[in-house]
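Take a look at the structure below.
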Amino acid sequence: MFFERPEVGTQALLVHIEAEDSTVEELRELAISSGLYPAGELTAKKRYPDPKTYIGSGKLDEIIGCADRVEAELVLFDQELSPAQERNLEKILKRRVLGRTGLILNIFAQRARTHEGKLQVELAQLQHASTRLVRGWTHLDRQRGGSGRGQGAAIGVTGAGETQLEADQRMIRTRIKNLNHRLLKVRRQRNQSRRARQKAEIKTISLVGYTNAGKSTLFNALCKSDVHAADQLFATLDPTLRQLELPVLGKAILTDTVGFIRQLPHGLVDAFRATLEEVKQADLLIHVVDASSSERALHMAEADSVLEEIGAEKVPQLVVYNKIDLMGEKPRVDRNEDGVPVRVWLSSLKANGLDSLVSVTTELLAKQIVDTTLHLHPSQGQMRAKLFALGAVIDERTEPDGTLNMHVRIEANSLRRLASKSGLEISDLAIDELTVSDRSHDDGQKVAASPNET
């Protein structure tokens with residue numbers, strides 16, 4: 001029987017299969033984010049999916065009737081469909097059918113803007129398509145004749161040749177191999193940049209979380225950046241790195257990554273592994289959560305599941321409850337019984353609570369905070385300027401001879417690094433006494449400065 005895939009349109013019928021971790025609202029948002037118009041919605045209960053069509057014959061008749069009534073050109077399922085189920089449904093419904101993975105891949109293809117992002121999306125699409133190459137071309141000869149140069153050519157007998165399906169599979173395998181090779185180069189370049197940051201002792205912070213939680217809005221608010229942000233799923237796809245100035249610590253790198261979602265296709269996780277490596281190697285993860293969502297606990301669990309899949313579950317994490325302006329909540333910081341900050345409540349859109357987030361981030365990243373008085377010679381003006389740039393100066397007094405007495409609060413490693421860059425030893429700064437505070441304790445321990453400390 002001849003069968004070609006139906007033409008795709010923009011009028012979509014949404015079929016929601018009830019499950020504990022799925023909602024029709026999310027399917028609707030996915031459809032809209034993909035540029036489709038949800039013309040109608042149906043809900044089905046299916047504890048044991050049918051291996052041929054996923055749903056039963058009764059529900060299929062209902063879908064056909066509803067699709068005809070709303071003039072739907074496309075039927076979307078919020079569960080993953082096997083290649084056979086997809087083909088069988090299209091034959092019965094006489095409309096293009098997309099499962100969850102195909103829909104998400106379509107959104108990613110529209111959002112990718114950078115060269116790296118396009119490579120990663122194409123790889124995921126090809127891996128997904130490689131299992132869906134069986135076509136209804138039974139009215140055509142799907143074999144190409146042999147070259148006549150193989151075994152049997154001497155007596156005029158040629159081989160069966162290569163089928164069209166085999167040719168397509170070979171082309172896809174070749175392209176996937178090429179994309180993997182190019183993405184390997186990207187991964188090596190990222191590793192080189194990461195090693196350079198680690199060598200310079202620059203802290204790296206990654207924003208993670210469920211899609212549409214407000215990560216890009218928070219990223220823009222912290223870095224005074226203009227990364228595209230919109231109230232839609234996967235508004236930001238390509239990874240973005242910006243410099244962030246932290247008090248006491250100085251320069252850090254903030255990374256905005258692709259948002260996570262329930263049942264994020266494994267092919268996408270694999271394809272975006274070079275990008276997600278930034279998350280795995282970060283010094284701190286800021287887990288952004290839409291505090292106003294009734295599904296926030298589920299969204300957090302799904303994000304943690306993806307973090308575990310990429311091997312980032314052990315990276316220190318700070319939870320940020322965003323969008324508190326929609327709840328009437330005020331900015332605050334929640335701490336555990338040891339006084340360590342675990343949650344920050346803020347509104348990135350209204351810029352409420354950002355100062356608390358910056359302060360808490362510094363607290364978590366700083367290993368030891370030095371509270372001391374430095375005596376700088378007038379010729380050491382460069383060191384003075386860098387301390388002010390870090391926001392480490394609490395008070396400053398100038399002696400009659402021009403010596404500067406500067407009361408500073410600074411991370412220990414940052415002080416050593418500043419002294420080294422200025423061509424000085426810490427002993428040259430004539431530090432009277434150091435007060436070193438561990439990040440998880442308010443009380444400090446005073447230690448005398450060693451004249452030989454470097």
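Quick rundown of the values:
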item: Between the stretch 287-306 and the stretch 347-423, the alpha-carbon center distance in angstrom; result: 36
item: Amide H within-cut-off set for L246, under 5 Å, with H built and near neighbours excluded; result: K251, A252
item: Efficiency of FRET between D304 and H407 - r from beta-carbon atoms, R0 60 angstrom, step 0.05; result: 0.90
item: Theoretical gain in end-to-end length, N178 to E337 [0.36 nm per residue, Cα-Cα removed]; result: 52.0 nm
item: Ordering of 287-300, 164-177 by burial proxy (mean other Cβ atoms within 10 Å per residue, highest first); result: 287-300, 164-177
item: Sorted by Cβ density within 10 Å, fewest first, the residues E245, E122; result: E245, E122
item: Listed pairs K215/K367; K203/K323; K91/K118; K251/K323 exceeding 30 Å between Cα atoms; result: K91/K118
item: Gain in span if fully extended, A109 to S57, counting 0.36 nm per residue against the direct Cα distance; result: 15.4 nm
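A short reminder: the numbers here are calculations on the coordinates, not readings from a lab. Only a predicted model underlies this, so the values are computations on that prediction, with no experimental measurement involved. Ideal geometry is used to build each Cβ from the backbone, glycine not excepted, and the neighbour counts take in all protein chains shown.
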